[in-house]
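For reference, the structure discussed in these notes is given below.
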Amino acid sequence: QVKLVESGGGLVQAGGSLRLSCAASRSIFSINTMGWYRQAPSGKQRELVAFITSGDRTNAADSVKGRFTISRDNAKATVYLQMNSLKPEDTAVYYCNTVPPYRLGPGEDYWGQGTQVTVSS
């Protein structure tokens, strides 16, 4: 059974920090590259923010490099996103998922409920 549960979002002032957590079902966590995605308001497309491989190699989008750090705890099947120096443009719903997103069937990807991050100026 696929399960992704994100938490840790909230309202923070610009320059502040948040740490997001994502508990994943072990069946998809242990063998997959995991990533954090975000979808900004106004119907913008969901984008991949950062990812971490099963071998702990990481990468991040240019817009967050140096500010966001992704990590994983294999024992807990949990992936984290430490977000520092937050900016108003980081405001979005944040989701974790495999990279690419976990496919349930033809044309259908699984997504959790996400966690809202709002950065005030």
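Results, tabulated for the structure shown:
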read-out	value
Cα-based reach from LYS44 at 22 Å (exclusive), listing lysines while leaving out same-chain residues under 8 positions away	LYS65, LYS87
Solvent-accessible heavy-atom area per residue, rounded to whole Å², over region 19-111 at 1.4 Å	52 Å²
Gaussian network model of the chain, Cα within-10 Å springs - most flexible of GLU89, GLU47, GLU108	GLU108
Nearby aspartates and glutamates by direct alpha-carbon distance to LYS76 (threshold 19 angstrom, same-chain neighbours under 8 apart not counted)	GLU6, ASP56
Whole-percent carbon and sulfur share, accessible surface of the chain, 1.4 Å	47 percent
Per-residue ³J(HN,Hα) for region 75-85, Karplus 6.51 cos²θ - 1.76 cosθ + 1.60, θ = phi - 60°, Hz, x for Gly and Pro	5, 9, 6, 10, 10, 10, 9, 8, 10, 10, 6
Helix-only mean residue ellipticity at 222 nm for the chain, each DSSP H run of n ≥ 4 adding -39500 (n - 2.57), per residue, nearest 500	-500 deg cm²/dmol
Global geometry of the chain, whether rounded, prolate or oblate, following the gyration tensor of its Cα atoms and the 1.5 cut on a/c	prolate
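The values are calculated or read from the model by the stated rules, or taken from the named source; none is laboratory data. Since we're looking at a predicted model, the values are computed, not measured. Heavy atoms of the whole protein, side chains included, go into the accessibility calculation; ligands, DNA and RNA do not. Shrake-Rupley method; radii C 1.70, N 1.55, O 1.52, S 1.80 Å.
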